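Some notes on the structure that comes next.
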């Protein structure tokens, strides 16, 4: 069933192609939600612990561009669907598990429809509005549909083909389907499916409590207070997310779903013998909140979407005091540049000494006020072990370490070899006192003294016997803040310039930029070296087509991680060819 699961995964990714839109540099302030999005949000309880939604549909031009890029992969998917169906027709055994039969039926339904037009004929709407949220902790997904009847017919045909005993059931006059795994867990969970008047709904709920969930799931009852488009717009405005998609998870509220006996999730779970809140004292609940309150909410959203690029931002929120402490750990270094002629650049800057002091301070805080909850006894022990290690003295050059930067212009790898046959680029190690760092290195490699490196001096050739890769030209140089190395003929001419690049902001501690096609080629080479690609396995051909699509469709990836006044922020931007 491995190839079937891969096809299924690809189909799901295909249905997600609509998650790309025209360039949108403006954040959501002043952007109204589409009528479909506004309608779907009325189903979402105001106190949901998590939500993902888009306020505006995706433009046609961008959806078509993504389908066009994916054409080689779609053609290969069609070949694999045809092959799998031929195997079944030749007498292949149908699995006993209903979910595997459902996967087979799903694949069968998409035969000949690997295109936007084919998928939309089945009721999928690539300009849909979507909301995914929690009823308590239990997930619900709603997706608007321009043709609910076609979608309903598709669901019926798939279930019938899968020989799943899931005839439409009714609850207060509204039809739905319920699919229960044959091997039930301790708390049996079923997949509920419904096609309503204007949208498609999925939910995962405990079977024994379905009467509590069905009224809301089927739209027969709506929450007294629902999550509003204004609330979503405020989230987007605060973090710079666009109207094309954003999400949040309130970790404090999610924890309360399991810890508060009056919460929806806890009430459902306590009806089963396996879940007993009495094992979790008030002290344990308070200390759980103490931990979670260091990062009470996580959110993510689209910051840029277009035919040529898509960008995301994720924010892991911290209290202001903790956020300020983390920002103080950042060593401001030049960031990774977005240079099309380079394979990759990386910049990492953290004050190691300050980071150790920060961790030691937090560990001492726990040691002086240890957790009293018996479930957290291991944390107290681990903190003690960590503190013992942190109190060990650090060598001066480690304590003064501020970061490193790497710029790779070219990298040649021969098949079956782990060491590059040729490379060009620059490396910089940033320290507070480069001369002291060099002096320490000379204790282990006395020949370094002969190079006579000095801050601001010209690059000096590195003796070949010091290089792990023979036959490659290497030079070293020093600035007031770093020691650098160039590799490759002529790269020494720009080494000093690389070392003396101006520092970036005081928040970014990691930035990476790389050529996606080169990354995928390296990945393919590694898989071939390890024998992961079997020429007789049809799925190897499928994988190669996926890699071909990835290499031809994507251009570069740029990522930054930073500590800000809001907390940890991760920003990512992918460009397309």
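The values are calculated or read from the model by the stated rules, or taken from the named source; none is laboratory data. All figures in this text were calculated on a predicted structure; none of them were measured in a lab. Positions of Cβ are generated from backbone atoms using ideal geometry, with glycine treated the same way; all protein chains shown enter the neighbour counts.
Conditions (1) farther than 17 Å from residue 424 by Cα; (2) in the same structural domain as residue 562 (by TED's automatic domain parsing); (3) touching a helix residue (DSSP H, G or I) at 6+ places or on another chain (Cβ under 9 Å); (4) in a helix (DSSP H, G or I), marked per residue:
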position	(1), (2), (3), (4)
492	no, yes, no, yes
501	yes, yes, no, no
510	yes, yes, no, no
523	yes, yes, yes, yes
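Just to be sure before I move on: is residue 180 crowded, with 20+ Cβ neighbours inside 10 Å and assigned by TED's automatic domain parsing to the domain that holds residue 129 in the structure I sent? Spelling it out, it is not the case that residue 180 is crowded, with 20+ Cβ neighbours inside 10 Å and assigned by TED's automatic domain parsing to the domain that holds residue 129. The residue of region 453-468 that is surrounded by the most Cβ atoms within 10 Å (Cβ to Cβ), among those that are at pLDDT 85 or above and not in a loop (DSSP other than H, G, I, E, B), is 460.
Of 450, 414, which residue is modelled with pLDDT under 75 and either more than 30 Å from residue 338 (Cα to Cα) or outside the structural domain of residue 344 (by TED's automatic domain parsing) (or both)?
450
Looking only at residues in region 232-266 that are closer than 30 Å to residue 59 by Cα and free of Cβ contacts under 8 Å to residues at least 12 places away in the same chain, the one that is nearest to the chain's Cα centre (by Cα) is 238. Output yes when any residue across region 112-130 is crowded, with 21+ Cβ neighbours inside 10 Å, modelled with pLDDT of 75 or more, assigned by TED's automatic domain parsing to the domain that holds residue 234 and at positive phi, and no when none is. No, the conditions are met nowhere in region 112-130. With respect to (1) without any contact (Cβ under 8 Å) to a residue 40 or more places away in the chain; (2) within 24 Å of residue 55 (Cβ to Cβ); (3) within 28 Å of the chain's Cα centre (by Cα), the lone exception for residue 192 is condition (2). Can you confirm whether region 388-411 contains a residue that is surrounded by 17 or more Cβ atoms within 10 Å (Cβ to Cβ), at positive phi, at pLDDT 90 or above and within 31 Å of the chain's Cα centre (by Cα)? Within region 388-411 (the criterion being surrounded by 17 or more Cβ atoms within 10 Å (Cβ to Cβ), at positive phi, at pLDDT 90 or above and within 31 Å of the chain's Cα centre (by Cα)), the answer is yes, since at least one residue qualifies.
What is the one condition in (1) touching a helix residue (DSSP H, G or I) at 6+ places or on another chain (Cβ under 8 Å); (2) surrounded by fewer than 22 Cβ atoms within 10 Å (Cβ to Cβ); (3) at pLDDT 65 or above; (4) part of a helix (DSSP H, G or I) that residue 37 does not satisfy? Unmet for residue 37, out of (1) touching a helix residue (DSSP H, G or I) at 6+ places or on another chain (Cβ under 8 Å); (2) surrounded by fewer than 22 Cβ atoms within 10 Å (Cβ to Cβ); (3) at pLDDT 65 or above; (4) part of a helix (DSSP H, G or I): (2). The number of residues in region 363-377 being in a helix (DSSP H, G or I) and buried (at least 17 other Cβ atoms within 10 Å of the Cβ) comes to 3.
Residue 272 falls short on exactly one of the conditions (1) within 30 Å of the chain's Cα centre (by Cα); (2) surrounded by fewer than 20 Cβ atoms within 10 Å (Cβ to Cβ); (3) more than 14 Å from residue 138 (Cα to Cα), and that condition is (1).
Hey, among 55, 73, which residue is under 30 Å from residue 300 (Cα atoms), touching a helix residue (DSSP H, G or I) at 6+ places or on another chain (Cβ under 6 Å) and either in a helix (DSSP H, G or I) or modelled with pLDDT under 80 (or both)?
It is 73.
Among the residues here, residue 423 does not qualify as touching a residue at least 40 places away in the same chain (Cβ under 8 Å), assigned by TED's automatic domain parsing to the domain that holds residue 510, surrounded by fewer than 16 Cβ atoms within 10 Å (Cβ to Cβ) and not in a loop (DSSP other than H, G, I, E, B).
This table checks each residue for (1) modelled with pLDDT under 80; (2) touching a helix residue (DSSP H, G or I) at 6+ places or on another chain (Cβ under 7 Å); (3) at negative phi.
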{"site": "132", "(1), (2), (3)": "no, no, yes"}
{"site": "149", "(1), (2), (3)": "yes, no, yes"}
{"site": "167", "(1), (2), (3)": "yes, no, yes"}
{"site": "174", "(1), (2), (3)": "no, no, yes"}
{"site": "187", "(1), (2), (3)": "yes, yes, yes"}
{"site": "193", "(1), (2), (3)": "no, yes, yes"}
{"site": "200", "(1), (2), (3)": "no, yes, yes"}
{"site": "204", "(1), (2), (3)": "no, no, yes"}
{"site": "221", "(1), (2), (3)": "no, yes, yes"}
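Scanning region 333-345 for residues that are surrounded by 18 or more Cβ atoms within 10 Å (Cβ to Cβ) and out of contact with any helix residue (DSSP H, G or I) (no Cβ under 9 Å at 6 or more places or on another chain) returns 333, 335, 336, 342, 345. Of all residues in region 254-275, those satisfying the criterion of being within 25 Å of residue 298 (Cβ to Cβ) and part of a helix (DSSP H, G or I) are 254, 255, 256, 257, 258, 259, 264, 265, 266, 268, 269.
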